[in-house]
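Asks: Before we start, here is the structure in question, set down as structure tokens.
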Amino acid sequence: MMISTTDAAGRVEPDWVRHAIWWQLYPLGFVGSYPIAAGEPVPTAGEHRLLRIVAWLDHAIELGASGVALGPIFASTTHGYDTSDYYRIDSRLGEDADFDTLVAEAHARGLRVLLDGVFNHVGPDFPRYREALEQGPGSDAAAWFQTDTPDSAQAGAPVGEAGFGTFEGHSGLISLDHGNPEVADYVTGVLEHWLDRGADGWRLDAAYAVPAEFWAGILPRVRERHPQAWFLGEVIHGDYPAIVSAATLDSVTQYELWKAIWSSLNDHNPHELAWSLDRHNGFLDSFTPATFVGNHDVTRINSRLEDPRHLAHALAVLFTTGGTPSIYAGDEYGYTGLKTEEFGGDDAIRPEFPADGPPALTDPERAVYRLHQDLIGLRRRHPWLHEARTRLLDSGADHLVYEARSGDDALVVALNLGDEPCGVDLGRSGLAPLLPGGTPTPQGSRATIAPHGWQVLAPAADDSAR
């Protein structure tokens, strides 16, 4: 029987989300449509590059994912986050029919499809913005956009043409006026249009910059037609539960846990991770966060970690804590990429992938891929981990042991970040390793974890994940 979770506001999470594991990709980069090298022709709709993703859908299934989370695919000028037409597929990716084919191919494999919507701001070629420039202040078109916003003029940052407000000082990202009912109606229509076309949910870009009451006025309307749609807000900092409740979102991006995972591993500071896991428990009391160790906006985890032996630790935490996890395309092969704060600073983390599907793997890539499969497989066989809370069992200067539990179901995760073997308390006896490799079989309620080792354990009778 499917089980739905209910948040503090009384909203029921769609049944399918309990089993969701996203494979996330940035389409424009993935299919080689952006950036384009100087002198190279811009891809055209007739190349149907969006369909290259179809060649990778079986890879997502083999990896263990249950859904594909797409970055921006709508008409834009550059990187996709400067939308010019929300009702048209970007011509560098293909045509509208290509979207229908991609969704049909994904759904035929049992994969959900998540879209990325940029509704805080638009690009300079958005028709209503061009009308506003032509008609001037006081026009109906101009009322769609902010002027003198705190993140532009009042902060001393550049504003758009004719003094229109911009998002975080980027002159090509024009801030919408979310108090305008016409804007709310327009966004509602866009959300419904693509859900009608087969999308299963939306990631709402820069949701932290949009007033919560804007989402609260829109999302219930959309859910009337699409009660099984899932809405994820991009939120970096702030009071996650309060934002989810006020905006009526289903989830937000759990950047706190993301930071704690790589930072605690680099600093050999398991106490930071323990603190964040306790915070994460509190979030789970009101909603289920979207968890990750990599995405299209951050340095790849394999570059972020100072010791590559800690990749397994990061993934073990990701897949044994409550939440809706995602894997950023390429991380499952151990891809590297450093994000920098400059023009083109995202290019290294958004590379082109082979057009005809997965390539032959090197031995190191295959090892990382198998590690992902093992941990995703464990997660799929224990779907209760979606709502699991963690409880600290043992910790020290270089080790951390915690229990992940939901009701009568429980796993124990042991991590050794140090250069020496470490004896740890598992909190109970009768546990056995669930995954290959790792530590020796425990003796009683204790086990010795190898240097930089890890293991996930469960009662010996639970052999379902072996």
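The values are calculated or read from the model by the stated rules, or taken from the named source; none is laboratory data. Given the structure is predicted, the values throughout are model-derived calculations rather than measurements. Note: ideal-geometry Cβ built from the backbone for every residue, glycine included; neighbour counts use all protein chains shown. For accessibility, only protein heavy atoms count, side chains too; no ligands or nucleic acids. Shrake-Rupley method; radii C 1.70, N 1.55, O 1.52, S 1.80 Å.
Asks: Which net charge results when you count Lys and Arg as +1 and Asp and Glu as -1 among the other residues whose beta-carbon is under 13 Å from that of residue 452?
Replies: Combined, the nearby Lys, Arg, Asp and Glu give -4.
Asks: Hey, another quick one. Kirkwood hydrodynamic radius of the range 185-255 from all distinct Cα pairs, in Å?
Replies: With all distinct Cα pairs of the range 185-255 included, I get 12.1 Å.
Asks: Could you state the per residue volume, in Å³, of the convex hull enclosing the Cα atoms of the range 59-126?
Replies: In the range 59-126, the Cα convex hull volume per residue is 90 Å³.
Asks: Still on this structure: Using only protein heavy atoms and a 1.4 Å probe, report how much of residue 280 is accessible, in Å² to the nearest 10.
Replies: The value for residue 280 is about 0 Å².
Asks: Normalized C-alpha radius of gyration of the chain, against 2.2 N^0.38 Å?
Replies: The reported ratio for this selection is 1.00.
Asks: Also, I was wondering about something else. Counting only DSSP beta bridges with both residues in the chain, what percent are antiparallel, rounded to the nearest 5?
Replies: Counting only bridges with both partners in the chain, antiparallel ones make up about 60 percent.
Asks: With an 8 Å Cα cut-off and a minimum separation of 6 or more residues, compute the relative contact order for the chain in percent. Could the numbers behind the result be given before it?
Replies: Values: 984 pairs, mean separation 59.8, N = 466.
Relative contact order here is 13 percent.
Asks: Another question about this same structure. Compare the Cα positions of 396, 459, 97 along the charge dipole of the chain (+1 at Cβ of Lys, Arg; -1 at Cβ of Asp, Glu; about the Cα centre) and return the one farthest towards the positive end.
Replies: Sorting the options by dipole projection puts first 459.
Asks: P(r) for the range 373-413: what percent of alpha-carbon pairs falls in each 5 Å bin, starting at zero?
Replies: Percent of pairs per bin, in order: 6, 22, 25, 22, 15, 8, 1.
Asks: Something else now. What area, in nm² and to one decimal, does the C-alpha convex hull of the range 323-421 cast on average over all directions?
Replies: On the way: hull surface 39.6 nm².
So the Cα hull casts an average projection of 9.9 nm².
Asks: Whenever you get a sec, compute what percent of the accessible area on the range 271-411 sits on carbon and sulfur atoms (1.4 Å probe).
Replies: Heavy-atom surface of the range 271-411 belonging to carbon and sulfur, 1.4 Å probe: 49 percent.
Asks: While we're on this one: With a cut-off of 8 Å between alpha carbons and a minimum separation of six or more residues, what is the relative contact order of the range 324-434 in percent?
Replies: On the way: 101 pairs, mean separation 17.3, N = 111.
That works out to 16 percent.
Asks: Hey, another quick one. Note down the net charge around residue 198, summing +1 for each Lys or Arg and -1 for each Asp or Glu among other residues with Cβ under 15 Å from its Cβ.
Replies: Summing Lys and Arg as +1 and Asp and Glu as -1 gives -3.
Asks: Could I ask something else about it? Could you state the principal axis extents of the C-alpha atoms in the range 281-336, from the largest down, to the nearest angstrom?
Replies: 35, 22, 15
Asks: Please work out the Cα convex hull volume for the range 146-296 and give it in Å³ per residue.
Replies: Values: hull volume 21.1 nm³, N = 151.
Dividing the Cα hull volume of the range 146-296 by its residue count gives 140 Å³.
Asks: A further question follows. In a Debye calculation with equal point scatterers on the alpha-carbon sites of the range 265-393 and no solvent, what is log10 I(q)/I(0) at q = 0.12, 0.17, 0.21 Å⁻¹?
Replies: Debye output, listed in q order: -0.52, -1.01, -1.35.
Asks: For the range 173-220, what Kirkwood radius comes out of the mean inverse Cα-Cα distance, in Å? Numbers along the way, then the final one.
Replies: Working: mean 1/r = 0.0866 Å⁻¹.
The answer is 11.5 Å.
Asks: Moving to a separate point now. Around residue 375, with a cut-off of 13 angstrom between Cβ atoms, what is the net charge of the other residues, counting Lys and Arg +1 and Asp and Glu -1?
Replies: Net local charge, residue 375 excluded: +1.
Asks: Largest first and in whole Å, give the semi-axes of the range 28-77's equivalent ellipsoid, each being the square root of 5 times a Cα gyration tensor eigenvalue.
Replies: Result for the range 28-77: semi-axes of 25, 11, 10 Å.
Asks: How big is D, in µm² s⁻¹, for the range 1-137 by Stokes-Einstein at 25 °C and 0.890 mPa s if Rh is the Kirkwood radius over C-alpha pairs?
Replies: Value of D from the Cα-based Kirkwood radius: 146 µm²/s.
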